[in-house]
1. Residue pairs, Cβ under 6 Å, 6 or more apart or interchain, first in the range 33-46 and closer than 17 Å to Lys20 by Cβ and of a type in the set (Val, Ile, Thr), second at pLDDT 85 or above and surrounded by 13 or more Cβ atoms within 10 Å (Cβ to Cβ). List them.
2. Residues being surrounded by 12 or more Cβ atoms within 10 Å (Cβ to Cβ), of a type outside the set (Lys, Arg), out of contact with any Pro (no Cβ under 8 Å at 6 or more places or on another chain) and in a helix (DSSP H, G or I): count how many of those fall in the range 9-31.
3. How many of the residues making up the range 75-92 are assigned to a helix (DSSP H, G or I) and surrounded by 12 or more Cβ atoms within 10 Å (Cβ to Cβ)?
4. Mind telling me which of the residues Tyr75, Tyr16, Tyr7 ends up being in contact with an Asp or Glu (Cβ under 6 Å, 6 or more places away or on another chain) and not small (Gly, Ala, Ser)?
5. Six or more apart or on different chains, Cβ under 9 Å: which pairs go from a residue in the range 61-74 that's exposed (fewer than 10 other Cβ atoms within 10 Å of the Cβ) to one that's among the aromatic types (Phe, Trp, Tyr)? Could you list them?
6. Do we find a residue being among the aliphatic types (A, V, I, L, M), touching a residue at least 40 places away in the same chain (Cβ under 8 Å) and in contact with a helix residue (DSSP H, G or I) (Cβ under 9 Å, 6 or more places away or on another chain) anywhere in the range 92-99?
Amino acid sequence: MDEMTKYLERGLFRPYVLWKCSKSQVSGTDLLDAERMHQHVLSPGKLYPVLHKLMSDGLLTEETRVEHGKVHKYYRTTRNGVSALEKLKTDLGPPMKDFLVEWLRENIESAVI
């Protein structure tokens, strides 16, 4: 992975995790498995500090359940987290929005062709 890709992923990682947790309640394992399915290596050492930071910021909530004798933690975006995602949409300036939309459109079209 080149340096530019790392910069982009690093910058988008927290909003991505927040967004995934807004779609449905997910475990850390669910997030790791989803990344592996797309051949992306995500370590627990990168994921869990982000989950804990989002929780300490009041953007995620955690629910602990015992299933089949094992403790599982599930994460869900809070109202503040949803508000943060909405605010991100408005705070992101038009030049960056244009770049992301155009760049994604180009890459999606080239992937389909």
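1. Within 6 Å, no pair qualifies.
2. Residues of the range 9-31 that are surrounded by 12 or more Cβ atoms within 10 Å (Cβ to Cβ), as a first pass: 9, 12-22, 25-31.
Next cut, of a type outside the set (Lys, Arg) only: 9, 12-13, 15-19, 21-22, 25-31.
Restricting the remaining residues to those that are out of contact with any Pro (no Cβ under 8 Å at 6 or more places or on another chain) gives 9, 12-13, 15-19, 21-22, 25-27, 29-31.
Checking which are in a helix (DSSP H, G or I) leaves us with 9, 12-13, 15-19, 21-22, 29-31.
Count: 13.
3. Step one: filter the range 75-92 for residues assigned to a helix (DSSP H, G or I), giving 79-91.
Checking the rest, the ones that are also surrounded by 12 or more Cβ atoms within 10 Å (Cβ to Cβ) come to 80-85, 88.
Qualifying residue count, the range 75-92: 7.
4. Numbers: Tyr16 fails: in contact with an Asp or Glu (Cβ under 6 Å, 6 or more places away or on another chain); Tyr7 fails: in contact with an Asp or Glu (Cβ under 6 Å, 6 or more places away or on another chain).
None of the other options fit; the residue is Tyr75.
5. Thr64/Tyr74
6. Taking the range 92-99 as the starting set, the residues that turn out to be among the aliphatic types (A, V, I, L, M) are 92, 96.
When the remaining residues are screened for being touching a residue at least 40 places away in the same chain (Cβ under 8 Å), the result is none.
No: the range 92-99 contains no residue that is among the aliphatic types (A, V, I, L, M), touching a residue at least 40 places away in the same chain (Cβ under 8 Å) and in contact with a helix residue (DSSP H, G or I) (Cβ under 9 Å, 6 or more places away or on another chain).
The values are calculated or read from the model by the stated rules, or taken from the named source; none is laboratory data. Since this is a predicted model, take the numbers as computed values, not measurements. Heads up, the Cβs are rebuilt from the backbone with ideal geometry, glycines too, and the neighbour counts pull from every protein chain shown.
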